[in-house]
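The values are calculated or read from the model by the stated rules, or taken from the named source; none is laboratory data. As the structure is a computational prediction, the values presented were derived from the model and not from experiment. Cβ coordinates were reconstructed from backbone atoms using ideal geometry, including for glycine residues, and neighbour counts include every protein chain displayed.
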Amino acid sequence: MNPYFDEDLAALGEHARRFAQGRVAPGFIERDTTRVLDRNLMREMGEMGFIAPELPEQYGGQGLGCLAAGVIHEEIARADLSLSYINLLASLNGQILAKHAAPAIARAWLERLTQGRALLAIALTEPRGGSDAANLRLKMERVGDHYVLNGEKTSISAADQADAAVVFARSGSVEDGARGVSAILVPMDLPGVTRNRFDCHGQRAIGRGSIFFENVRVPVDHLLGEEGKGFVQVMQGFDFSRALIGLQVLAVANVSLEETWEYVAQREAFGKPLAAFQGVSHPLAEYATQVEAARLLCLQTLWLKDRGLPHTAEAAMCKWWGPKLAYDVVHQCLLSFGHGGYDRGPLEQRLRDVLGFQIGDGTAQIMKTIIARSNAGRDAVPA
């Protein structure tokens, strides 16, 4: 019994799982090898209503709430974590545009987003840093009815595949810190935008790379939130994505555990199933306990968000604990399979994929600082 699921959410999860197992799972090794995101599959997901279902119907969503988005998200991630980035980016950027974009801009992009016809990136990190807003240097200057952007963003998920990006740029002085950073939606086909792609260890279907801006002119109506307040306003939406990331990586941990339990129950050593040896079964039992607890924390965070209740600390807990735990779980599962797990295949790919979330989208150290500030107060835990 799951206290956060009613019959409708349980049915939605089963519907998403059938799709994920039938359409997403069969190609996840191939997508990792070719590093090609399947746009046709993305459109299928949109047609099924699996992309940003929490958005209002006026923007192409279904108004189902954030828990519903989480239910779908973890089922897609069970089949292919890298592909589930489509859901993650759509929900994060969808919330930002729905809340902060001009209505006409929001409608145009969100309809494409929910239909699976557009992929949006979030462009925060720069060579000098990401979580530290005071270090952001990409310049954004108003010239008439346009903003002109110059600079570089790096380590951006889907950098070379995105159709547009929510870009954080400095519209004020460096001394203004976070208060001098604005957010703006930048179509990636504008003159002056160039991109590259890294050869990353994991999450290769979605990829990461850099985006370069050279005198890129963006209409002023693409501004998100207020000028000079974009970082403060828009970053509030990251609490939602942090809970989704927790569910995303824990789904990978769960499916790995399921496969490993089945394997150790069948394979024998010294006339007994491997599961009969406590050195094999007890680590798996411990991880099964921790994964269940972490998953419930993620669901609670989304439950709080749906009710408009504070959830920043809980979201930070999901983000630092989930990726670390998932990596440890998949690692243990791989060891349980022996060389069969170490060979190229699902487990080694999952290990590479979940590792990336210990690096990107907010480090564990930043998340723990957020938790500490929530408990001790900001003055007691300075930057």
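Can we say residue 318 is within 22 Å of residue 66 (Cα to Cα) and modelled with pLDDT of 95 or more? Don't jump to the end; show me each part of the working.
Working: within 22 Å of residue 66 (Cα to Cα): yes; modelled with pLDDT of 95 or more: yes.
Answer is yes for this residue.
What do you reckon, is residue 158 within 24 Å of residue 109 (Cα to Cα) and either among the aliphatic types (A, V, I, L, M) or modelled with pLDDT under 95 (or both)? Walk me through how you get there before you give the answer.
Values: within 24 Å of residue 109 (Cα to Cα): yes; either among the aliphatic types (A, V, I, L, M) or modelled with pLDDT under 95 (or both): yes.
So residue 158 passes the test.
Could you please tell me which pairs satisfy a Cβ distance under 9 Å, a separation of 6+ or placement on different chains, a first residue in the range 209-220 that is surrounded by 14 or more Cβ atoms within 10 Å (Cβ to Cβ), and a second residue that is basic (Lys, Arg) and outside any strand (DSSP E or B)?
That search, which allows pairs on different chains as well, returns 209/197; 210/197.
Mind checking whether some residue in the range 164-179 is in contact (Cβ under 8 Å) with a residue 60 or more places away in the chain and under 30 Å from residue 41 (Cα atoms)?
yes
From the set of residues in the range 165-185 that are surrounded by fewer than 23 Cβ atoms within 10 Å (Cβ to Cβ) and not in a loop (DSSP other than H, G, I, E, B), which is modelled with the lowest pLDDT?
175
Do we find that residue 81 is out of contact with any His (no Cβ under 9 Å at 6 or more places or on another chain), modelled with pLDDT under 95 and not assigned by TED's automatic domain parsing to the domain that holds residue 206 in this structure?
Yes; evaluated as a whole, the condition is true for this residue.
Condition first: closer than 21 Å to residue 99 by Cα and either touching a residue at least 60 places away in the same chain (Cβ under 8 Å) or not polar (S, T, N, Q) (or both). Now tell me which residues in the range 180-204 satisfy that.
If the condition is that a residue be closer than 21 Å to residue 99 by Cα and either touching a residue at least 60 places away in the same chain (Cβ under 8 Å) or not polar (S, T, N, Q) (or both), then 180, 181, 183, 184, 185, 186, 187 are the ones that fit.
Out of the residues in the range 357-378 meeting the condition of being outside any helix (DSSP H, G or I) and not acidic (Asp, Glu), tell me which one is nearest to residue 235 (Cα to Cα).
This residue is 362.
Quick check on residue 280: is it outside any strand (DSSP E or B), of a type in the set (A, V, I, L, M), within 25 Å of residue 96 (Cα to Cα) and free of Cβ contacts under 8 Å to residues at least 60 places away in the same chain?
No, not satisfied.
Got at least one residue in the range 234-243 being β-branched (Val, Ile, Thr), assigned to a helix (DSSP H, G or I), within 16 Å of the chain's Cα centre (by Cα) and crowded, with 19+ Cβ neighbours inside 10 Å?
Here is the first cut: in the range 234-243, the ones β-branched (Val, Ile, Thr) are 234.
Next, only the ones that are assigned to a helix (DSSP H, G or I) stay: 234.
Filter once more, keeping what is within 16 Å of the chain's Cα centre (by Cα): 234.
Checking which are crowded, with 19+ Cβ neighbours inside 10 Å leaves us with 234.
Yes, some residue in the range 234-243 is β-branched (Val, Ile, Thr), assigned to a helix (DSSP H, G or I), within 16 Å of the chain's Cα centre (by Cα) and crowded, with 19+ Cβ neighbours inside 10 Å.
Can you pull out the residues in the range 227-259 that are without any contact (Cβ under 8 Å) to a residue 12 or more places away in the chain and in contact with a Ser or Thr (Cβ under 9 Å, 6 or more places away or on another chain)? Lay out the reasoning, then the answer.
Step one: list which residues in the range 227-259 are without any contact (Cβ under 8 Å) to a residue 12 or more places away in the chain, which gives 235-236, 258.
Within the range 227-259, just 236 meets the criteria.
Across the range 162-187, what is the number of residues that are in contact with an Asp or Glu (Cβ under 6 Å, 6 or more places away or on another chain) and under 30 Å from residue 352 (Cα atoms)?
Residues that pass the stated criteria total 0.
Among the listed residues 20, 11, which satisfies the condition of being assigned to a helix (DSSP H, G or I), touching a residue at least 12 places away in the same chain (Cβ under 8 Å) and either crowded, with 16+ Cβ neighbours inside 10 Å or of a type in the set (A, V, I, L, M) (or both)? Talk me through it step by step, then tell me what you get.
Details: 11 fails: touching a residue at least 12 places away in the same chain (Cβ under 8 Å).
20 is the lone residue from the list that is assigned to a helix (DSSP H, G or I), touching a residue at least 12 places away in the same chain (Cβ under 8 Å) and either crowded, with 16+ Cβ neighbours inside 10 Å or of a type in the set (A, V, I, L, M) (or both).
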